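Colleague: Here it is: the structure, laid out below.
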Amino acid sequence: MLEDLKKTVCDANKDLPRYGLVTFTWGNVSAVDRKSGLLVIKPSGVEYDRLTPEDMVVVDLEGRKVEGRYKPSSDTPTHVELYKAFPEIGGIVHTHSTYATSWAQAGRSIPCYGTTHADYIYEEVPCVRCLTADEIAENYEENTGHLIVREFLRMCKDPVSVPAVLCKNHGPFTWGKDAEEAVHNAVVLEEVARMAYLAESINHHVQPAPKELMDKHYYRKHGANAYYGQQEQ
């Protein structure tokens, strides 16, 4: 079942340590097949260098395991809620990468200080609040997904133009049209988090980039009039 997607998700999970985004088993990648209403995700607690496509776990959009010898990632309910709320999303990554997680632990959104950030993420990367005691006590991972969705709707954030979020005292989630793009965005997030930290260290009064510059860099790569890169023939 979904053998091609299992291989894609397995390879994407192996990319996390390759890009320095995880320590031990601190992260996971999933991808959804919209036609079947099923998603494929990393098994819980299995080391990346041991993963094979056959180890991937198939889950439905109610979070029920459909196929696999292992338990799915403990973060599966968060992935499920994001897929259910945002049909544009095809792949999701969760890590505890150092710089992005440090911003999350500090409870701070990441301002857009320059064009590297603006090329991929429109304006700031939001940091949502910590869950309440009741939200943590019951259905913690599902409530994490609900919180992200509610906050994106409240802030009128578009999950396509803002493909990343920080969960306070926890860490980052990124997403994209597929698993590969979600990993790409996780790498970008970690790099812009590092750059923002260094910028604030160099200049304690640094201000976000001008909106005109942010718009120019975001929209030259995205949207109907994008002109960055090679045009498809």
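Colleague: Would it be correct to say that E180 is part of a helix (DSSP H, G or I), in contact (Cβ under 8 Å) with a residue 24 or more places away in the chain and touching a Lys or Arg at 6+ places or on another chain (Cβ under 9 Å)?
Modeller: no
Colleague: Further question: Can you list the strands (runs of 3 or more DSSP E) found entirely within region 1-63 that contain at least 1 residues being among the acidic types (D, E)?
Modeller: Details: elements: 27-33, 38-41, 57-60.
The qualifying strands (runs of 3 or more DSSP E) are 27-33, 57-60.
Colleague: Being crowded, with 23+ Cβ neighbours inside 10 Å and of a type in the set (A, V, I, L, M) narrows it down to one residue among A106, A100, A85; which is it?
Modeller: Within the list A106, A100, A85, the selection yields A100.
Colleague: Can you report the number of residues in region 193-212 which are in contact with a Gly (Cβ under 8 Å, 6 or more places away or on another chain) and either aromatic (F, W, Y) or part of a helix (DSSP H, G or I) (or both)?
Modeller: Residues of region 193-212 in contact with a Gly (Cβ under 8 Å, 6 or more places away or on another chain): 195, 199, 209.
When the remaining residues are screened for being either aromatic (F, W, Y) or part of a helix (DSSP H, G or I) (or both), the result is 195, 199.
Total satisfying the criteria: 2.
Yes/no matrix, rows are residues, columns are (1) within 13 Å of E141 (Cβ to Cβ); (2) hydrophobic (A, V, I, L, M, F, W, C):
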{"site": "R34", "(1), (2)": "no, no"}
{"site": "Y48", "(1), (2)": "no, no"}
{"site": "D60", "(1), (2)": "no, no"}
{"site": "G63", "(1), (2)": "yes, no"}
{"site": "V66", "(1), (2)": "no, yes"}
{"site": "R69", "(1), (2)": "no, no"}
{"site": "D75", "(1), (2)": "yes, no"}
{"site": "Y83", "(1), (2)": "no, no"}
{"site": "P87", "(1), (2)": "no, no"}
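Colleague: Do you know which of the residues in region 66-82 that are within 19 Å of D55 (Cα to Cα) and of a type in the set (S, T, N, Q) is most open to solvent (accessible area, probe 1.4 Å)?
Modeller: S74
Colleague: Right, another one. If a residue must be crowded, with 16+ Cβ neighbours inside 10 Å and small (G, A, S), how many such residues does region 200-214 contain?
Modeller: So the count comes out to 1.
Colleague: Search region 117-141 for residues that are open to solvent by 60 Å² or more (accessible area, probe 1.4 Å) and pair each with any residue that is part of a helix (DSSP H, G or I) when their beta-carbon atoms are under 6 Å apart and the residues are at least 6 apart or on different chains.
Modeller: Y120/V188
Table: residues versus (1) more than 16 Å from the chain's Cα centre (by Cα); (2) surrounded by fewer than 23 Cβ atoms within 10 Å (Cβ to Cβ).
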position	(1), (2)
L2	yes, yes
K7	yes, yes
A12	no, no
D15	no, yes
T23	yes, yes
N28	no, no
G37	yes, yes
P43	yes, yes
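The values are calculated or read from the model by the stated rules, or taken from the named source; none is laboratory data. Keep in mind it's a predicted model, so treat the numbers as computed, not measured. Heads up, the Cβs are rebuilt from the backbone with ideal geometry, glycines too, and the neighbour counts pull from every protein chain shown. SASA here: full protein model, heavy atoms, side chains in, ligands and nucleic acids out. Shrake-Rupley method; radii C 1.70, N 1.55, O 1.52, S 1.80 Å.
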